[in-house]
Amino acid sequence: MPPSLKPAWAEHDRVAKAVPAAIRETLGAYFTPRETALRVVHEALGKSLQAQLPLILDPACGAGSLLLAAIEWASVQKPQWVAPWLAGKAVGWELDRNIAAAARNVLTVAGKCLGVAAKPKIEQRDALMSTDREIADVIVANPPWKSYSGRHAQDITPERRAWLARTYGAFAGWPASHTAFAELSARLIKRQQARIAILLPHQVADLQGYAPLRRSMANLVTVEQVVDLGEDAFAGVTEPCGLFVLSAGKGDISGAAWVARADTGIVEKGLLRHQPLPEASFGDIGVHTGNAADALIGTRPEPGALPIREGKDVQPFALDKPRLFLRKVQLNDGFYARIAPIQRFKDTRIVLRQTANRPIAAKHTPQAYFRNSVLACFGAPDHDDDYLIALFNSEYAARLHRNAFRDARQETFPQVKIEHLRRLPVPSRRAAGKIYDDIVKLSRALQAARGDNPALQAQLEALVTKAYGG
C-alpha cells in the first residue's frame, strides 16, 4: 500500500477553511472535498485512453484538491505517473496568488508523504484570458460557480462582460464563470484521445438557458457520461451538481439536451429486458404530521418519545442517526395526523429518500419511525436486500429514473415517487447471473464504508451496468 496522503488533505482542508468569505464570494470559489475529487479523477483517468503519461490540467485549481486526488489515484493505479506529475506534468492555474501558493504547498506535502521530490507547476493566471489551444490530455475542473445575471450583474465590469461574451459563446448565452470555463476546457484538450471531467450545475445537461453552452462546445467534445452528484456535493453550493465527462470529438450542434451516449435507449432497453419489483415491495407509510407537527415532533428524547427519521437522514448506503423524536400525545380536536402501525415500520427493510431526483437508499437499521419524506421498501422475493440497495444507489438506476420520469427533474422540488419505484426495472438473479453475488458483496462493503469509497463505487457501477445489459 502507498503511504497515506492524509497530511496533504489536512493541509488542503486547512487552506480551504482559511480563505475569507469575501474572497470566496468574489472568486465564486468552492473547494472540492476529497470524496468528490476522487470521483472526478476516477472518471477522467479510470478509463485512460493511453498507456503513456498524460499531461493533466486543472484550469481553476483552487487549493489543488483535484490535482491531489489525481496523485492519490495514480499512487495506487499508475505509480510511475506520480513523480512526473509532481515535477510539472500535472498543471494547475489559479487566479488568486495566495491560493495558488497554497496549492503548491499542498502538492509539496503530498510529495513528502510519497517520498517524491515535488516541484508543482501551479501558475497564477487568469485562465479565461488564455489563448492556449489543445495542450492537455486530461482536464479536471471544478470551475468557479458564479453567475453574472440578476442581482449579480453588477459583480463584473461592462468591459469584462463584453469581452467574455465576444470570446466565449457559452458566456453570451448564460453569463457565468462556469459556462466560460467549460468552453475553455473544450478548447484546451487535444483533439485525439483526450478527456474532460468537470463539475457543473446539473441543469447544464438540459436547461434551455444552457443551450448556447452546449452548442459552443459541440464542435469540440462529445458527451460520454453525466453523473448526478446531487445536492451538497461540496460546501457552499446547494443546487444539484453534475459531473460531466466529455471526450474530444464532434457532438450535437443543435443545443439539444445532453444525453450521455450510454443513455441512448436506456429506458426502452431496461423495460424490455427486466421487470419491476412487485408493487407490494414499496410503500408510502411515513408519518404524516398533518397540522400537528409541533405537537408530535420534538428535538429531545422526552419520556415516551421514540426516534423518527426524515429524508435527509437517508444517505447512499448509510443512515444518519435520527435527530428528531415522535412524541406520544393525544391530539386535541381539530388536529390530525397519519401514523401507520409500528409493525409496518418494522417490516421496512430498505428506506429511500423521497425528495431527490434519483433513488437514494439505505438498509433500515437500526429501525425507527420515519416521516413521509422517506419511502419504504419491504424487499422482494428472490432478491437479497443488499443487491437492491446496490441497484437503487447506482448511477445506472439514476439515469433510468431521470430518463423515464421527467417530473423527477423539477427544479424546485424533485421527487422520487412510489409510482417511479414500482416501474423501475430490476434485473433478476437469473439475468444478473454470476455477478449477482459480486454485487451483493460490493454493496455490503460500501455500506460498511458508508458509501465513502470511490473505487468500490466504480467497481459496483460496472457490475450493475453489466447486470442491466448496458
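The values are calculated or read from the model by the stated rules, or taken from the named source; none is laboratory data. Here the structure is a predicted model, which means the values were calculated and not measured. Every residue, glycine among them, receives a Cβ derived from its backbone with ideal geometry; neighbour counts consider all protein chains shown.
Worth pointing out:
- Taking the range 107-202 as the region of interest, the helices (runs of 4 or more DSSP H) fully inside it that hold 3 or more residues being surrounded by 20 or more Cβ atoms within 10 Å (Cβ to Cβ) and not β-branched (V, I, T) are 169-173, 177-188.
- Counted residues, the range 351-381 - those being surrounded by fewer than 22 Cβ atoms within 10 Å (Cβ to Cβ), in contact with a Ser or Thr (Cβ under 7 Å, 6 or more places away or on another chain) and within 27 Å of R430 (Cα to Cα): 3
- Candidate set from the range 314-350 (those that are closer than 20 Å to D386 by Cβ and free of Cβ contacts under 8 Å to residues at least 24 places away in the same chain); member that is surrounded by the fewest Cβ atoms within 10 Å (Cβ to Cβ): K346
- Residue pairs whose Cβ atoms lie under 6 Å apart, separated by 6 or more positions or on different chains, with the first residue in the range 275-303 and more than 30 Å from L388 (Cα to Cα) and the second among the basic types (K, R), are L296/R327; G298/R327.
- Across the range 323-337, the qualifying residues are those that are modelled with pLDDT under 90 and charged (D, E, K, R), and the one among them that is farthest from the chain's Cα centre (by Cα) is D333.
- Filter result for the condition that a residue is over 28 Å from the mean Cα position of the chain (by Cα), of a type in the set (V, I, T) and within 20 Å of A8 (Cβ to Cβ), over V116, V109, V140: V116
- For I56, the stated conditions hold: it is at pLDDT 95 or above and surrounded by 18 or more Cβ atoms within 10 Å (Cβ to Cβ).
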